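Engineer: The structure that follows is given in the form of structure tokens.
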Amino acid sequence: RYRYYQNVCAQSYSFAWWDWARWEREIDWMALSGINLAPAFAGQEAVWQRVYRHLGLNQSEIDKYFTGPAFLAWNRMGNLRRWAGPLPPAWHLKQLYLQYRIVERMRSLGMTTVLPAFAGHVPQGILRVFPRVNATRLGGWSHFDCTYSCIYLLDPEDPMFQVIGTLFLKELIKEFGTDHVYSADTFNEMTPLSSDPAYLSRVSNAVFRSMTGADPEALWLMQGWLFQHQPDFWHPAQVRALLHGVPLGRMIVLDLFAESKPVYQWTESFYGQPFIWCMLHNFGGNHGLFGTVEAINHGPFAARHFPNSTMVGTGLVPEGIEQNDMVYELMNELGWRQEPLDLPSWVTRYAERRYGAPNVAAASAWRLLLRSVYNCTGVCVNHNRSPLVRRPSLHMDTELWYNASDVYEAWRLLLSASAELGSSPTFRYDLVDVTRQAAQQLVSDYYLSIRSAFQSHALPELLTAGGVLVYDLLPELDSLLSSHSLFLLGRWLQSARAMATSDREAEQYELNARNQVTLWGPNGNILDYANKQLGGLVLDYYGVRWSLFVSVLVESLNSGRPFHQDQFNQVVFQVERGFIYNKKRYPATPTGDTLEISRKLFLKYYP
């Protein structure tokens, strides 16, 4: 029945700075792809601010709660507060205006919009206004201490829970209308206060009642991420209790990471609650060719045929978009199929559709990519761990789940097709992406040479491998990325500045955008989680880091003093932080000829 799309994290990793023109393109793509259920989350902070003021909080208490725009996804889930904030008044107005248009456009195309609901997280100011309210302070989240984390969770049995939840939803419905589906995640990556099944049932029942208090027809859409993220806590009794706190059929669970860690299999199909089989695929919006095509080609059909299956749809839930288009096209198509596809013949037709013309070399390249990078099997977590985008050390992960030579050969084949297909924009994008993947593999090779030269005290070899990496390969990769608009750091930063209505706001938004793709927090709390391979970022962030690493290793061999990772980390942190504050303007328009740069890289580096 449903084809669902969007992940709560993508609201920050991908959509944070979108204007209406960009939203409209996305919604049109959703319609063309058959998506009929999706969140509409913009503008909710404006409504929350109204509710908090109505309850008696002052503006400074609200400002201490909301994060900056690039981190709102985790504020909404009760993970973070205040970091990179506050939200300027103009931000609220712009987001409200966007949300009106988003819901209007989605509904006009026959989609069911999912609105946010109250999950129980409250600003500290609530405790000042209602001193007798029963709220508990949650622990820190993901390397954040209580400066920016440790949010208060209102006890679901406290009468204020219903008051706040219903008040918010009534305001929201008054503002945007409703399609009766609401999203709330109380325990996203946060351990509940008690594992007592009765307590967990009361929590979910309270959340649901706060929805029905405003809309008697409410349906609760919940992410099932928590069940596989904290399996030590969520045993069958706990899962069943949380799910059965809501009448059967009034909740839809997103089996969020079903291609790798399906939950329906060990919960008897979510104990009778309907669920959507979702492909997560991407974390942090990282670049890097990746897919689990066999798992997604068979998974949804296995779920349909599971005993007493309650599956009601398929979904795409990447944490970030604008990468690996093929996997999303495939997953969207599977929503319409009765049985698995013949993947090699599907991908051959895909190449023809994508480039607007049949081409033997391009089709061969895609079949190679299909069987290699796109065919990760087992429990695959697509986090780009390539040394290219990680803080250098002597213990970096260079493991691949595929044969590197398949990517090099696909690169050669795509280049050979460029005379015929070079005018196709999708071809040029794919050529950048495959060349980028080849360069990423080469970085690992040079890293291994650097490491072994250092470990065997071979200074000339260290200087050679380090020199090629720092002074040629990384600058060449940067110029390749800079030749395509979708691989520009400047585009991300410019879209952030464009949301601002003053210089001060523009500075704040740009710092938000820079921090998210690098340090992710004040002290590198989730360092490089949202790494991207963008022209400007490769040279001035990853490249500078590698340059420092090589020179520290050379210095160590020259002086006979051992390399200390802890000392290096302290020095390199200054470099990473320096990038965020470097004030440099990065171009938002591409320079150079993609085909020429790719060919030059190929002639130099093809193994």
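The values are calculated or read from the model by the stated rules, or taken from the named source; none is laboratory data. Because the structure is a prediction, the values reported are computed rather than measured. Don't worry about glycine lacking a Cβ; one is built from the backbone with ideal geometry, like all the others, and counts go over all protein chains shown. Quick note on the areas: whole protein, heavy atoms, side chains included, nothing else; ligands and nucleic acids left out. Shrake-Rupley method; radii C 1.70, N 1.55, O 1.52, S 1.80 Å.
Engineer: Per DSSP H run of at least 4 residues, take -39500 (n - 2.57); add these up for the chain, divide by its residues and hand me the 222 nm value, nearest 500 deg cm²/dmol. If you can, show how the numbers build up before the last one.
Structural biologist: Details: 26 runs with 299 residues, N = 607.
My calculation for the chain gives -15000 deg cm²/dmol from helical runs alone.
Engineer: To test your reading of the geometry: what angle, between 0 and 90 degrees and rounded to tens, separates the Cα axis of helix 20-32 from the longest principal axis of the chain?
Structural biologist: Compared with the principal axis, the helix lies near 90 degrees.
Engineer: May I pose another question? Going through the stretch 298-372, which chymotrypsin sites (Phe, Trp or Tyr not before Pro) have at most 15 other Cβ atoms within 10 Å and a DSSP loop state? Show your work: numbers first, answer last.
Structural biologist: Details: sites: Phe301, Tyr328, Trp336, Trp346, Tyr350, Tyr355, Trp366; in loops: Trp336.
Qualifying residues, ordered by number: Trp336.
Engineer: If you stretched the chain out fully between Arg50 and Phe573, how much longer would it get, using 0.36 nm times the residue separation minus the C-alpha to C-alpha distance? Numbers along the way, then the final one.
Structural biologist: Working: separation 523, 0.36 × 523 = 188.28 nm, distance 3.95 nm.
Between Arg50 and Phe573, full extension yields an extra 184.3 nm.
Engineer: Rounded to whole Hz and in sequence order, give me ³J(HN,Hα) for the stretch 70-82 from the Karplus expression 6.51 cos²θ - 1.76 cosθ + 1.60, θ = phi - 60°, writing x for Gly and Pro.
Structural biologist: The phi angles translate into 6, 10, 5, 4, 8, 6, 5, 9, x, 8, 9, 9, 6 Hz.
Engineer: For the residue pair Arg132 and Val381, what label-to-label distance in nm results when each label sits 7 Å from Cα along the Cα-to-beta-carbon direction?
Structural biologist: Reported label-point gap for Arg132 and Val381 is 4.6 nm.
Engineer: Quick query: amide H of Leu221 versus all other amide H atoms, modeled in the peptide plane; which residues come in under 5 Å with a sequence gap of 5 or more or a different chain?
Structural biologist: Tyr182, Ser183, Ala184, Ile252
Engineer: Hey, what angle do you get for helix 44-55 against the long axis of the chain, alpha-carbon based, 0 to 90 degrees rounded to 10?
Structural biologist: It is inclined by approximately 40 degrees.
Engineer: Separate question: If you restrict to DSSP beta bridges whose two residues both lie in the stretch 2-341, what percentage is antiparallel, to the nearest 5? Numbers along the way, then the final one.
Structural biologist: Values: 5 of 31 bridges.
If we restrict to bridges inside the stretch 2-341, about 15 percent are antiparallel.
Engineer: Let me ask something else. Taking the Cα centre of the chain as origin and charging only Cβ (+1 Lys, Arg; -1 Asp, Glu), how large is the dipole, in debye to the nearest 20? Walk me through the numbers before you get to the answer.
Structural biologist: Details: 52 positive and 56 negative charges, 174 e Å.
Approximately 840 debye in magnitude.
Engineer: Can you compute the label reach from Arg25? Point 7 Å from Cα along the Cβ direction, backbone N cut-off under 18 Å, restricted to the stretch 579-607.
Structural biologist: So the set is 587-591.
Engineer: Please state the charge dipole magnitude for the stretch 417-559, taken about the Cα centre, from unit charges on C-beta atoms (+1 on K and R, -1 on D and E), reported in debye and rounded to the nearest 20. Provide the component values of the computation, followed by the final result.
Structural biologist: Values: 9 positive and 15 negative charges, 47 e Å.
That gives the stretch 417-559 a dipole magnitude of about 220 debye.
Engineer: Can you give the charge dipole size of the stretch 2-341 about its Cα centre, rounded to the nearest 20 debye, using +1 on the beta carbon of Lys and Arg and -1 on the beta carbon of Asp and Glu? Don't skip to the end; give the middle numbers.
Structural biologist: On the way: 25 positive and 31 negative charges, 182 e Å.
With Lys and Arg at +1 and Asp and Glu at -1, about 880 debye.
Engineer: Give the lysines whose C-alpha is closer than 20 Å to that of Lys583, dropping any in the same chain fewer than 8 places away, or say none.
Structural biologist: Partners within reach: Lys532.
Engineer: Based on alpha-carbon atoms only, what is the radius of gyration of the chain relative to the globular estimate 2.2 N^0.38 Å? Write out the running numbers ahead of the final one.
Structural biologist: Values: Rg = 24.8 Å, N = 607, 2.2 N^0.38 = 25.1 Å.
Cα Rg divided by the expected 2.2 N^0.38 Å: 0.99.
Engineer: Tell me which of Phe227, Pro247, Val360 sits at the most positive position along the dipole axis of the chain, charges placed on C-beta atoms (Lys, Arg +1; Asp, Glu -1).
Structural biologist: It is Pro247, whose Cα lies furthest towards the positive end.
Engineer: Between 0 and 90 degrees, rounded to the nearest ten: what's the tilt of helix 360-371 against the longest Cα principal axis of the chain?
Structural biologist: 60
Engineer: Oh, and also: Arg337 to Asn403: FRET efficiency via 1/(1 + (r/R0)^6), r the Cβ-Cβ distance, R0 30 Å, to the nearest 0.05? Before the final figure, lay out the partial values.
Structural biologist: Numbers: r = 29 Å, r/R0 = 0.96.
Working from the Cβ atoms, E equals 0.55.
Engineer: Tell me, rounded to the nearest percent, the portion of alpha carbon pairs in the stretch 441-503 spaced more than 16 Å apart. All intermediate terms of the calculation are to be shown ahead of the outcome.
Structural biologist: Details: 1159 of 1953 pairs.
Percentage above 16 Å: 59.
Engineer: For a quick check: with amide H placed at 1.01 Å from N, whose amide H comes under 5 Å from Tyr2's, ignoring anything fewer than 5 positions away on the same chain?
Structural biologist: Gly313, Thr314
Engineer: Could you tell me which GluC sites (Glu not before Pro) in the stretch 138-245 are loop residues by DSSP with no more than 16 other beta carbons within 10 angstrom of their beta carbon?
Structural biologist: On the way: sites: Glu157, Glu171, Glu175, Glu189, Glu217; in loops: Glu157, Glu189, Glu217.
Answer in residue order: Glu157, Glu189, Glu217.
Engineer: Rounded to the nearest 0.05, what FRET efficiency do Arg107 and Glu157 have when you use their Cβ-Cβ distance and R0 = 25 Å?
Structural biologist: Working: r = 36 Å, r/R0 = 1.43.
Result of the calculation: an efficiency of 0.10.
Engineer: Rounded, prolate or oblate: which fits the stretch 191-283, taking a ≥ b ≥ c as square roots of the Cα gyration tensor eigenvalues, rounded meaning a/c under 1.5, else prolate when a/b beats b/c?
Structural biologist: Values: a/c = 1.85, a/b = 1.28, b/c = 1.45.
Taking the square roots of the gyration eigenvalues as a ≥ b ≥ c, the stretch 191-283 is oblate.
Engineer: Tell me the per residue accessible area of the chain using a 1.4 Å probe; a whole number in Å² is fine.
Structural biologist: Details: 22950 Å² over 607 residues.
Ligands and nucleic acids excluded, the result is 38 Å² per residue.
Engineer: Find which of Phe41, Pro216, Ala31 sits farthest along the positive direction of the dipole of the stretch 2-341, computed with +1 on the beta-carbon of Lys and Arg, -1 on that of Asp and Glu, about the Cα centre.
Structural biologist: Most positive-ward Cα: Pro216.
Engineer: Can you bin the stretch 485-607 into rounded, prolate or oblate? Criterion: square roots of the alpha carbon gyration tensor eigenvalues sorted a ≥ b ≥ c, rounded for a/c under 1.5, prolate for a/b above b/c, oblate for the rest. The partial results should precede the final answer.
Structural biologist: Numbers: a/c = 2.74, a/b = 1.21, b/c = 2.27.
Note, shape of the stretch 485-607 comes out oblate.
Engineer: Follow-up. With 10 Å bins from zero, work out the P(r) of the stretch 2-341 over every alpha carbon pair and list the percent per bin.
Structural biologist: Binned Cα distances yield the sequence 5, 26, 36, 25, 7, 1.
Engineer: Here is a further query. So for the chain: antiparallel DSSP bridges make up what percent, rounded to the nearest 5? If you can, show how the numbers build up before the last one.
Structural biologist: On the way: 6 of 33 bridges.
Percent antiparallel among DSSP bridges in the chain is about 20.
Engineer: Measure off, as a whole percent, the carbon and sulfur share of the 1.4 Å-probe accessible area of the stretch 2-341, all protein chains present. Don't skip to the answer; put the middle values down first.
Structural biologist: Details: 6010 of 11600 Å².
Whole-percent figure for carbon plus sulfur exposure: 52.
Engineer: Among Trp83, Val432, Leu343, pick out the residue whose Cα is farthest towards the positive end of the charge dipole of the chain, where Lys and Arg carry +1 and Asp and Glu carry -1 on C-beta, about the Cα centre.
Structural biologist: So the residue we want is Trp83.
Engineer: Provide the three semi-axes, in whole Å and in decreasing order, of the ellipsoid equivalent to the stretch 462-556 as defined by the square roots of 5 times the Cα gyration tensor eigenvalues. Can you show the working numbers first?
Structural biologist: On the way: eigenvalues 163, 57, 18 Å².
Over the Cα atoms of the stretch 462-556, the ellipsoid semi-axes are 29, 17, 10 Å.
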